[in-house]
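Have a look at the structure below, then the notes.
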Amino acid sequence: MPKTFYITTAIDYTNSPPHIGHAYEKVLADVIARYHRLKGEKVFYLTGVDQHGQKVQQSAAKAGVPPAEFVKGVTKKFVDLWKKLDVKYDGWAETIDPRHKKVVQGMLQRLFDAGEIYKDKQSGYYSVRQEQFLTDKERGQDGEFGPEWGQVEFREEENYYFKLSQHKHWLLRYIDNRIDAVIPDFRQTELRNAVERISDNRQSGSDLCISRPKSRLDWGIELPFDKDFVTYVWFDALTNYVSFAGYDPKIDNYEKQAQEFRDRWTKETLQIIGKDILV
């Protein structure tokens, strides 16, 4: 059975309507997908929308409607735009889809059971726009946080963390052994530099926060091991590339995954992504 040429894009955040940047990325991916179809290849082009998170919850509150209703309206605007631009995708990802929720929770539970996730308290400056805690690395030369971070406030909060610091070295080996992992090559260098900066020390702040307390954000996928928290939107969103390709989180061996998933998820998978998301 021939392998599938699998091409993906970023999934678009539904806190506001689409703009030309969204169109640029989707049209570019569509051109590449059409080229491979013309060559007679089987193609799976996946795109979609990212529907959870604090910014969505805030935008919905401002509009005076429930988040589920708000994202439904914004999602329709994206779908209508791709029809107008004749973007021919094969798979459509929505992060409120039950099958996506099942995969996200399944992956989280496996990581938790494997000891890759722990609970800790963090205090520091928090960017509401980017939905993340900031460190001194994000400060400008004047010692202040730049306008790109939007509103910044001091917070103390307990959350769950993924032990990213323990994965630094194999990530570096992967990047070094796969010279075409990121194109153009200078972007791969930027990615490698970012991974190199990850500290092996858990207390350094390098580990990835993967949750938000329901006390301030309830529009998200609930953690399967703690009902008082939802999944941080980035862990949720990035999982779409496997959840909508047919991945089963209960199967821990790639070779035992469904044939459909193995045909799509290969070394030839291509992702079109904005440089601001890469690092």
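Derivation of every value follows stated rules applied to the coordinates shown; laboratory data play no part. These figures come from a predicted structure and were not determined experimentally. In this analysis, Cβ positions are derived from the backbone assuming ideal geometry, glycine residues included, and neighbour counts consider all displayed protein chains.
Can you list the residues of region 145-163 with backbone N under 11 Å from a point 7 Å past the Cα of Lys227, pointing along Cα to Cβ? Inside the label zone: nothing.
Tell me which aspartates and glutamates have Cα within less than 18 Å of Lys26's Cα, excluding those fewer than 8 residues away on the same chain? Lys26 reaches Asp12, Asp50, Asp80, Asp86, Asp90, Glu94, Asp276.
With a simple spin-label model that places each label point 7 Å from the Cα along the Cα-to-Cβ direction, the separation between His36 and Asp142 comes to 4.6 nm. For region 1-106, trypsin sites (Lys or Arg not before Pro) meeting the loop criterion (DSSP other than H, G, I, E, B) and having at most 16 other Cβ atoms within 10 Å: Lys3, Lys39, Lys42, Lys88.
Toward the positive end of the charge dipole of the chain, about the Cα centre and with charges on Cβ (Lys, Arg +1; Asp, Glu -1), which of Gln257, Met107, Gly140 goes farthest? Most positive-ward Cα: Gln257.
What the pair-distance distribution of the chain shows, using all Cα-Cα distances binned every 5 Å from zero, is 1, 5, 10, 14, 18, 19, 16, 10, 5, 2, 0, 0 percent. Counting only DSSP beta bridges whose two residues both lie in the chain, roughly 60 percent are antiparallel. Spin-label model, Asp120/Asp185: points 7 Å from Cα along the beta carbon direction are separated by 3.6 nm.
Computed about the Cα centre, the dipole magnitude for the chain is approximately 780 debye when only Lys and Arg (+1) and Asp and Glu (-1) carry charge, each at its Cβ.
Annotation for region 1-110: GluC sites (Glu not before Pro) lying in DSSP loop with at most 15 further Cβ atoms inside 10 Å of their Cβ are Glu41. Taking 0.36 nm per residue of separation and subtracting the Cα-Cα distance, full extension of the segment from Gln271 to Gln109 would add 55.7 nm.
From its DSSP helices (H runs of at least four residues, each -39,500 (n - 2.57)), the chain gives a residue-normalised ellipticity at 222 nm of -11000 deg cm²/dmol.
Of the trypsin sites (Lys or Arg not before Pro) found in region 201-279, those that fall in a DSSP loop while having at most 16 other beta-carbon atoms within 10 Å are Lys214, Arg216, Lys250, Lys267.
Taken one residue at a time, the phi angles of region 161-170 give Karplus couplings (6.51, -1.76, 1.60, θ = phi - 60°) of 10, 8, 6, 4, 4, 7, 10, 4, 6, 6 Hz. Gly and Pro are set to x.
Its Cα gyration tensor gives region 88-213 an equivalent ellipsoid. The semi-axes, each the square root of 5 times an eigenvalue, are 25, 23, 19 Å from largest down. Under 5 Å from the amide H of Tyr13 lie the amide H atoms of Asp50, each residue being 5 or more positions distant or on a separate chain, with H modelled from the backbone and absent for Pro and chain starts. A full extension of the chain between Leu28 and Arg129 corresponds to an added length of 33.6 nm, given 0.36 nm per residue minus the alpha carbon distance. For region 45-129, the fraction of C-alpha pairs more than 18 angstrom apart is 62%.
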